[in-house]
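Following: one structure in structure tokens, then a few remarks.
The values are calculated or read from the model by the stated rules, or taken from the named source; none is laboratory data. The model shown is predicted, which means the values in this text are computed figures rather than measured ones. Cβ: placed from backbone, ideal geometry, glycine included. Neighbour counts: every protein chain shown. Quick note on the areas: whole protein, heavy atoms, side chains included, nothing else; ligands and nucleic acids left out. Shrake-Rupley method; radii C 1.70, N 1.55, O 1.52, S 1.80 Å.
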Amino acid sequence: MGRLAGGAPSLLDAVRGVHWPARRISGGAIHGAHPSKRAGASPEFSEYRPYQQGDDPARIDWKLFGRTERVAIRLARDDSRLPTTVLLDASASMAYPPASLDKWELAAAVALGLAAVAHGDGDPIGFATPPPGSVVPPRTRRGTVGHILQLLLQTAPAGRAPLAPLLATLRSSRRIAIVSDFLGDADELLEQARELAAGGREIYAIHVVAREELDPTPPPRQTVVTDPEDPSIRRALDKSAIPLYQDAFARWRESLAVAWRGAGAVYALATTGEAPERVVRRVVRS
Amino acid sequence: MTFLAPAFLLAGLLAAGIVLALHFIVPHEPRPAPLPTARFAPDQPVRAQTRALRPRDLGLLAMRVGLLLAVGAALAGPQVSLRRPRRTLARILLVDRSRAVAQAGEAADSARARYAAGDAVVLFDSGATTVRDQALDSLAALAARPSVPGRLSAALIAALQAASRLRETADSFELTIISPLVTEELDEATDSVRALWPGAVRLVRIAATEESPAPPAVGFDGRSDDPLRIALPPQSVAGAPGVWVRIVRGALDREDSAWARAAARVLVHWPPPAAAEPRDSSQEIIGAVIAGDVVVVAPLMRTTILAAGAGGGARVVARWVDGEPAAIDKPWGAGCIRTVAVGVPERGDLVLEPRFARFVAALVGPCGGRPALRPVEPARLVAPAGAASPRRVARRLIASPEPTTSPWATGLLLVALALAAAEPLVRRR
């Protein structure tokens, strides 16, 4: 986790000001950054916030622009908060490649970035990893993002604990971001997410893939590869098998994306090598 | 370094070679690599491949090979000789000092002329004594033992033992016999023992003692009408000069003993039956008695039981037909005392018969029996296999000395044990 520890400040700095708007009109009674269903009462001005990419242009205060040539949106007390939980897969398949752990580093950074963005929006932010990991209920207190960073630094990907049971416990969150490679209990997780989405939650599926998984280096001669979470899965991989592997993997990714979108979730593919802040921005803009 | 059982070393080398080949030749399944998306690879059979050695494999291979070699070498019984480099030739000199040697000085001179430091000298008569240190001093003090016959068989056995002890000191060995080589020095075992020496033998013939053709003058101490007188050679008074055989029919006294001890003389104590100790209160009549090649078949009385005894150098001169000794010699100073338990009949004409006279002549011979000093044709001894046998015998043909426990074997076994304990640890790593 060396890179996350060193890169956290720059990551947090890069996502400062990024907003993660709700995809739906929030029914929440707690005032936040998201449009509320509440009607009738005049919106009480709360504050101005500089316009950022992703904000609804209709919310730009043009009078302020005329006066000050500042582009800002007007926040009113009627905006609701969206409790958000980031669910991070910490299974053994995330510890890849073994030497650099690029998948885990990217996943952890994206999780931290999303938490920071949501926290910046004033939304209660929580964090969860499967047992023996941690569960932090959504909160808005000041040190929450730092706490999440500490938990990330203390977590090492291992084991094969399923995500679906943990997802089932996050019903209090209105928005759930699942950061995973979906190589574990993908079907059960999808089913649980579908249920939550049907109940009005916003589900985000951030699929983390390593470049080495997308495009393995052709071995000079036949190599035996094995699933770190299931050693019974052993395959012979040589030059002739790589195109078949890539084709199968691509088809699976495509079907996964279709399934998650069909469940009402936002699906985003994050590949190692991509800057985590770019992934964050891509996710929150979806 | 030599090995007592080199077959074990060869077996260890062979096993090590097999392990070496297995490391390189036997195909192994490739070591698996982690890939979380392995399930998407086609399920095709894994082809075993010959693996290239990695640096840590070399260590494991060296450990296994070393273990097998250490065990093989330990079981092979390594013998490390820390002595000085081997000589080209070492001699074993068999020097005769028996009664067959006319001049002991001649034997000593012949031996000194051939002796070199590190050679073995075996002095032999009826027995053999190996001299390695101060051999020249022993040769200088060499004196023939006129009453003791030589036995070449004992000398040859001593020579074989000496060669075995000298095996690591020379590349080849030569056996030299310095002797008159007469008939009485050979026995039934001589040919068999000689066959154990894998090569020809050098013979340095020295002068033999002259065999006296005339029977010795015999002193007789007994009755004037003793029937034994009839069978004896010309007799003299017991104490006359030139007499070296004395027959005493009565009890021996101190003067008799002193007479025998003083020179190479034979004191024959031949008590008649009346004076003999009864055996179980009765004396037996035995039908025949043998002395050398002379057999007398007659009802003769065994006057007493003689015990040849262990030690003391007693020698049986005559035997009854039932195997019991009839006459025995016991060394006595320079001479010997011969006790005869054959009763001479007072009546009858047995004492007149020539065969009895020959029997008596055998019993009045010199100590150790009448010498058979006829020279032996040396061919059967020098080169039994003919001219093909080399005189110089290679070291490898000499029997190894008795094996002793080698500290090297213990050390090698400990090394093997340590390697065996470490191998699993390295393998797991």
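For the stretch A:175-286, which helices (runs of 4 or more DSSP H) that fit wholly inside it have 3 or more residues that are open to solvent by less than 50 Å² (accessible area, probe 1.4 Å) and more than 10 Å from chain B (Cβ to nearest Cβ)? Working first, answer last.
Values: elements: A:186-198, A:211-214, A:242-262, A:276-284.
Passing ranges, in order: A:186-198, A:242-262, A:276-284.
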A:Ser42 vs. criteria modelled with pLDDT under 75, at negative phi and open to solvent by 60 Å² or more (accessible area, probe 1.4 Å)
yes
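Take the conditions part of a loop (DSSP other than H, G, I, E, B), among the polar types (S, T, N, Q) and either more than 10 Å from chain B (Cβ to nearest Cβ) or more than 22 Å from A:Ala128 (Cα to Cα) (or both) and apply them to A:Ser172. Does it pass?
On the way: part of a loop (DSSP other than H, G, I, E, B): yes; among the polar types (S, T, N, Q): yes; either more than 10 Å from chain B (Cβ to nearest Cβ) or more than 22 Å from A:Ala128 (Cα to Cα) (or both): yes.
So A:Ser172 fits the description; yes.
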Within the group B:Val393, B:Val376, B:Val382, which residue is β-branched (Val, Ile, Thr) and either modelled with pLDDT under 75 or within 28 Å of B:Pro78 (Cβ to Cβ) (or both)?
B:Val393
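Based on what the data block shows, is A:Leu163 closer than 11 Å to A:Leu87 by Cβ and open to solvent by less than 20 Å² (accessible area, probe 1.4 Å)? Step through it out loud before you land on a result.
Working: closer than 11 Å to A:Leu87 by Cβ: yes; open to solvent by less than 20 Å² (accessible area, probe 1.4 Å): yes.
Here the answer is yes, as A:Leu163 does meet what is asked.
From the list A:Val135, A:Val117, A:Val71, exactly one residue is open to solvent by less than 50 Å² (accessible area, probe 1.4 Å) and on the phi < 0 side of the Ramachandran plot. Which is it? Even if it seems obvious, please write down each step before you answer.
Details: A:Val135 fails: open to solvent by less than 50 Å² (accessible area, probe 1.4 Å); A:Val71 fails: open to solvent by less than 50 Å² (accessible area, probe 1.4 Å).
On inspection, the qualifying residue turns out to be A:Val117.
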Output the qualifying pairs, or none if there are none: Cβ atoms under 7 angstrom, residues six or more apart or on different chains, first residue in the stretch A:96-125 and over 19 Å from A:Glu213 (Cα atoms), second residue open to solvent by 10 Å² or more (accessible area, probe 1.4 Å) and polar (S, T, N, Q).
A:Gly122/A:Thr140; A:Pro124/A:Thr140
Filter result (open to solvent by less than 60 Å² (accessible area, probe 1.4 Å), at pLDDT 70 or above and more than 14 Å from chain A (Cβ to nearest Cβ)) within the stretch B:24-61:
B:Asp57, B:Gly59, B:Leu60, B:Leu61
List the number of the failed condition for B:Ala108; all other conditions in (1) part of a helix (DSSP H, G or I); (2) open to solvent by 70 Å² or more (accessible area, probe 1.4 Å) hold.
(2)
Condition broken by B:Ala100, with the remaining ones in (1) in contact (Cβ under 8 Å) with a residue 40 or more places away in the chain; (2) open to solvent by 10 Å² or more (accessible area, probe 1.4 Å) satisfied
(2)
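Counting residues that are open to solvent by 40 Å² or more (accessible area, probe 1.4 Å), which strands (runs of 3 or more DSSP E) fully inside the stretch B:123-215 reach at least 2? Show your work before the answer.
Working: elements: B:128-131, B:170-179, B:202-205.
The strands (runs of 3 or more DSSP E) meeting that bar are B:128-131, B:202-205.
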Hey, can you tell me all the residues within the stretch B:69-96 that are open to solvent by 50 Å² or more (accessible area, probe 1.4 Å) and modelled with pLDDT of 90 or more?
B:Leu69, B:Val71, B:Arg91
Find the residue count for the stretch B:6-23, including only residues that are surrounded by 13 or more Cβ atoms within 10 Å (Cβ to Cβ) and closer than 30 Å to B:Pro85 by Cβ.
6
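Among the candidates B:Arg279, B:Arg249, which residue alone is over 16 Å from B:Phe359 (Cα atoms), among the charged types (D, E, K, R) and modelled with pLDDT under 85?
Values: B:Arg249 fails: modelled with pLDDT under 85.
After ruling out the rest, the residue left standing is B:Arg279.
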Only one residue in A:Arg81, A:Arg67 is at pLDDT 85 or above and among the basic types (Lys, Arg), so which one is that?
A:Arg67
